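Read the structure below first, then the notes.
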Amino acid sequence: MRAVVFEGAGGNEVVHVRERPGPVPKGTEVAVAVRYAGVNPADVLQRRGHYPAPPGAPDDVPGLEVAGEVVMLGDRARRWQTGDRVFGLVAGGGLASRVVVDETNLAAVPERLDAREAAAVPEAFITAHDALRTQAAMTPGERVLVHGATGGVGTAALQIVAACGARPLGVSRSTAGRDLVTSLGAEPVDDADFVAQTRTLTDGAGVDVVLELVGAPHFPGDLEVLATGGRIVVVGVGAGSRVEVPLLALMGRRARLIGTVLRARSIPEKAAAVAAFEREVLPLLVSGAVHPIVDTAYPAEAVRDAFDHLESAGKAGKILLEF
């Protein structure tokens, strides 16, 4: 198989595409021939040496999500057949032409999605759904502010919020980004003045949920825009992770500050997140009520360009590698 390999820690100089033996599934695992795979901020952190792979995952091959076809079954795998189109989550090793994954961490690709679109779904939509519905317990009618609204998770979140009957507000630094937010049925908010604009848009009531995909620069502002009983869910900290939290304000709003990640979860925990996604989001993808957004798909050999793009400003949706 071809695989993206990190030979050391650092910048793009440690990134290479190498030939390696393909993995063989065992037990309830299946082998997937990867057509496209998503490139995520976690891959950049791993490249820098700041986010080691969890036990059992390759320590030098990044990649958290894939889409492709099942090509081999472990001896106890029963859910899938060879040739099935699937997408899902892996703990690592996803940036390769072949990967093994537990059968419970995969879902069936809707017919309306091609392989490229399918690869833009798993990490973005499962992360967004888990954060909003499982962690924050978002309900219809609530107001939800999404930071980093134009990235893969952000665009998925805005659509899920709207589809669930809640009110999405999307934060972006650029005019083009706010235009994308509007096109997804959400209300645009300028990052430079998000506290005042959010208060204005909500007539001073604030929001019930803040989905934080950026990190430290938005504190304590996130707490200032929160309604009584509100929840802040921190999913990304690419812009910084150290903040001061005014505990009296947190207490006064009877608010909750929640942190969450997917990668470090056990196989059963990921299976639960995938199952919840299948129940609530997959039907929306099947009907076209929500859709993945692809910024750019690069050939695997251009992985360094993909990382450069991921780390730059102005992205709209997911960045993919084609295998």
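Filtering region 265-280 down to residues that are more than 14 Å from the chain's Cα centre (by Cα) and among the aliphatic types (A, V, I, L, M), which residue is most open to solvent (accessible area, probe 1.4 Å)?
ILE267
Please determine whether any residue of region 54-61 is touching a helix residue (DSSP H, G or I) at 6+ places or on another chain (Cβ under 7 Å) and not acidic (Asp, Glu).
Within region 54-61 (the criterion being touching a helix residue (DSSP H, G or I) at 6+ places or on another chain (Cβ under 7 Å) and not acidic (Asp, Glu)), the answer is no, since none of the residues qualifies.
Consider region 270-315. How many of its residues are modelled with pLDDT under 95 and either on the phi > 0 side of the Ramachandran plot or aliphatic (A, V, I, L, M) (or both)?
Going through region 270-315 one residue at a time, the tally reaches 2.
Among the candidates GLY215, GLY252, GLY240, GLY229, which residue alone is open to solvent by less than 40 Å² (accessible area, probe 1.4 Å) and either of a type in the set (D, E, K, R) or within 19 Å of ARG199 (Cα to Cα) (or both)?
On inspection, the qualifying residue turns out to be GLY229.
From the list ASP305, ASP295, which one is under 21 Å from GLY38 (Cα atoms) and within 16 Å of the chain's Cα centre (by Cα)?
So the residue among ASP305, ASP295 that is under 21 Å from GLY38 (Cα atoms) and within 16 Å of the chain's Cα centre (by Cα) is ASP295.
Which of the residues spanning region 139-162 are open to solvent by 10 Å² or more (accessible area, probe 1.4 Å) and in contact (Cβ under 8 Å) with a residue 40 or more places away in the chain?
Correct list: GLU142, ARG143, GLY148, THR150, GLY151, GLY152, VAL153, GLN159.
Report, by residue number, each residue of region 163-203 that is open to solvent by less than 20 Å² (accessible area, probe 1.4 Å), touching a Ser or Thr at 6+ places or on another chain (Cβ under 9 Å) and under 13 Å from LEU145 (Cβ atoms).
Answer for region 163-203, where residues must be open to solvent by less than 20 Å² (accessible area, probe 1.4 Å), touching a Ser or Thr at 6+ places or on another chain (Cβ under 9 Å) and under 13 Å from LEU145 (Cβ atoms): ALA166, LEU169, GLY170, VAL171, SER172, VAL181, VAL189.
Do the conditions hold for LEU262, that is, is it touching a Lys or Arg at 6+ places or on another chain (Cβ under 9 Å) and either open to solvent by 70 Å² or more (accessible area, probe 1.4 Å) or over 20 Å from VAL237 (Cα atoms) (or both)?
no
What are the residues in region 299-323 that are farther than 17 Å from SER172 by Cβ, free of Cβ contacts under 8 Å to residues at least 24 places away in the same chain and out of contact with any Lys or Arg (no Cβ under 9 Å at 6 or more places or on another chain), if any?
Across region 299-323, the qualifying residues are PRO299, ALA302, ASP305.
The values are calculated or read from the model by the stated rules, or taken from the named source; none is laboratory data. Predicted model, so just to flag it, every value in this text is computed and none were measured. All Cβ positions, glycine included, derive from the backbone under ideal geometry; neighbour counts span all protein chains shown. All accessible areas refer to the heavy atoms of the entire protein, side chains included, with ligands and DNA or RNA removed. Shrake-Rupley method; radii C 1.70, N 1.55, O 1.52, S 1.80 Å.
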